[in-house]
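The values are calculated or read from the model by the stated rules, or taken from the named source; none is laboratory data. Just so it is clear, the structure is predicted and the values come from calculations on it, not from any experiment. Reconstructed Cβ throughout: ideal geometry from the backbone, glycine too, with neighbour counts over all protein chains shown. Areas reflect the complete protein model, heavy atoms only, side chains present, ligands, DNA and RNA absent. Shrake-Rupley method; radii C 1.70, N 1.55, O 1.52, S 1.80 Å.
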Amino acid sequence: MSVHLPTAEMVELTKKTKIIDDLLGGTATMRKAAQTYLFQMEMEEPDSYRKRLERSTLYPALSETLSQMTGRVFFNPSDVADVTETVQALFDDVDLVGNNLDVFASRWFYSALAYGCSFALIDFTRVEAVKSRAEEKALNARPYWVHIKPHQVLGIKTARVNGKQAITQFRYVVHEQVEDGEFGVKTVKHVYVYEIGKMRKFSEAEGEFRFESELQLTAQNRPLDFVPVVPFITKRNELTNAIEPPLMELAYLNIKHWSSQSDQDNITNTARVPLLAVFSNEEVNKLVIGGSAVHLPTGSSMQFVEHSGQAIEAGMASLKDLEEQMKTAGAKLLTKTALAMTDSQARDEAGKEISQLRLLANRFEDAIDLALEYTGHWLGIAKEQVGNVQISGNIENDLDPAASMASVIQLRNAGVISNQSTFDEAKRRGLLADGLEWETEQERLQSEGMHFDLEETSETNP
């Protein structure tokens, strides 16, 4: 098997992620896919199908759900505790391309939620003939994180190492743009193979992949005894154990909506134009129109025939049902159930009942913690000193934070919570700017001579 060929597992995953990619590409990508998702009717002329395709638009249910769920997880900045200054200094540009820890983490999480898995390679700046940590620091050599999407992954091998299941080989492809003459650029494909203690690089040339270089991976002058790749897997099939996108059913519903919406728009456009019907015992091949008069055979009549609208109403109802189904499919991530968790994943969740999204956030904390551990290993910092991450977010089953604020005010009026707790809840829902502080606002109110009574406001504005 050639180094550039994907394994059967990754081929199957790519087939599923192609659907996700097309939906995330929006209307333009779905139109380009044409009959892959929008079938041509049996007697539909090619030109009519093309026109119908060009006016079809995508309802962005999948992309909005992914953005909203990722936004909930990273509603608040990640809390990194017990971290050394050396590691903390890396967080503002964790990947050496300008992304801080939260930006990198949110993209990593989004990709895994969309496709079923996503990876972070914890690598170290390549330096030659360096003999000490001081020399590395002088050259600004440091660990950095690389986000690897599942589309790039060609194969993963695992085995039991020191009693734990671990990655022993990780292959992925990179398309790199290089200069081509004075003004041009071209794309060159590389395959990187990471194994315990070494990395090999293969490059494409004349349609073939050839070995280019090999690098021994060492940290603190010792061979690296693990593959520095952190996987984050959001779903596996319970029967086959294959990785699959967790929102695949929502994706299928979104495709169904795409097709149904196109049919609905088409019938609406047709029904908007009334048909001119001529009732005559004689065949009328040509209407003679002069001025405001129409010449018809004797005993003939003419009138406009319009669509009753029943099919249009049925189509609208069907689309509404589909939109509700998609909303429910996405919201299932927020539904609390009894899920199997390790002690570290359970955290302080009462009764061991949490939502699927909360469980994924907890698992993602573990993934970031491992990435921090690998970062510390490159720097010679013990696991206990690199810190750990906690993600608070806004993951409760609260589909409309603004609407639920009314319930919070009712609790305040009933004397169940304080004014400050009400203020904090408004901030948590995004109704107030993050920079506003309770103490500062109270000082401002006092200086302005204003007194705000929630109960009186509630009575005057029911």
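Local charge sum around Phe232 (other residues, Cβ-Cβ under 13 Å, Lys/Arg +1, Asp/Glu -1)? It would help to have the intermediate numbers written out before the result.
On the way: positive: Arg107, Lys149, Lys235, Arg236, Arg363; negative: Glu365, Asp366, Asp369.
Value of the local net charge: +2.
Given a cut-off of 18 Å, name the pairs among Lys149/Lys336; Lys164/Lys235; Lys15/Lys235 whose C-alpha atoms lie farther apart than that in the structure shown. Numbers along the way, then the final one.
Working: Lys149/Lys336 29 Å; Lys164/Lys235 21 Å; Lys15/Lys235 16 Å.
Result: Lys149/Lys336; Lys164/Lys235 exceed 18 Å.
Between Glu42 and Glu324, what's the calculated FRET efficiency when r is the beta-carbon distance and R0 is 30 Å? Round to 0.05.
Values: r = 30 Å, r/R0 = 1.01.
The value I calculate is 0.50.
Pop a pseudo-label 7 angstrom from the Cα along the beta-carbon direction at both Glu9 and Asn140 and give the gap in nm to one decimal.
In this crude label model, Glu9 to Asn140 measures out at 3.9 nm.
Could you run the Karplus curve 6.51 cos²θ - 1.76 cosθ + 1.60 with θ = phi - 60° over the range 9-23 and give me ³J(HN,Hα) per residue in whole Hz, x for Gly and Pro?
4, 6, 5, 5, 5, 4, 4, 6, 5, 4, 5, 4, 4, 5, 5
Counting only heavy atoms of the protein chains, get the accessible area per residue of the range 80-239 (1.4 Å probe) and round it to a whole Å² value. Show your work: numbers first, answer last.
Numbers: 8950 Å² over 160 residues.
Solvent-accessible surface per residue comes out at 56 Å².
Spelling out what I want: for every residue of the range 431-437, take phi, set θ = phi - 60°, compute 6.51 cos²θ - 1.76 cosθ + 1.60 (Karplus), and round to whole Hz; glycine and proline get x.
Working through the residues one at a time gives 7, 10, 5, 4, x, 6, 10 Hz.
Output ³J(HN,Hα) for the range 233-248: one whole-Hz value per residue in order, computed from phi by the Karplus curve 6.51 cos²θ - 1.76 cosθ + 1.60 with θ = phi - 60°, and x for Gly and Pro.
10, 9, 7, 10, 5, 5, 8, 9, 6, 6, 6, 8, x, x, 10, 5
Given H placed 1.01 Å from N in the peptide plane, which residues other than close sequence neighbours of Thr57 have an amide H under 5 Å from its amide H?
Counting only residues 5 or more places away or on other chains, the set is empty.
Report the FRET efficiency, 1/(1 + (r/R0)^6), for Ala414 and Ser447, where r is their Cβ-Cβ distance and R0 is 45 Å, rounded to 0.05. Can you show the working numbers first?
Working: r = 30 Å, r/R0 = 0.67.
It comes to 0.90.
Efficiency by 1/(1 + (r/R0)^6): what FRET value for Lys157 and Ala28, r their Cβ-Cβ distance, R0 = 22 Å, to the nearest 0.05? If you can, show how the numbers build up before the last one.
Numbers: r = 38 Å, r/R0 = 1.73.
Here the calculated transfer efficiency is 0.05.
Check Tyr144: other-chain or 5+ apart residues with amide H under 5 Å from its amide H, H built from backbone geometry?
Asp123, Phe124, Thr125
Pull out the extension gain between Asn100 and Gln177, defined as 0.36 nm times the separation in residues minus the alpha carbon to alpha carbon distance; nm, one decimal. Can you show the working numbers first?
Numbers: separation 77, 0.36 × 77 = 27.72 nm, distance 2.42 nm.
That pair, Asn100 and Gln177, stretches by 25.3 nm at full extension.
Around Thr168, which amide H atoms from residues at least 5 apart in sequence, or from another chain, sit under 5 Å from its own amide H, with H modelled in the peptide plane?
Placed amide hydrogens put Lys157, Thr158, Ala159 under 5 Å from Thr168.
What's the ranking of 317-329, 34-46 by average number of surrounding C-beta atoms within 10 Å, highest first?
Numbers: 317-329: 15.0, 34-46: 11.8.
Packing order, densest peptide first, comes out as 317-329, 34-46.
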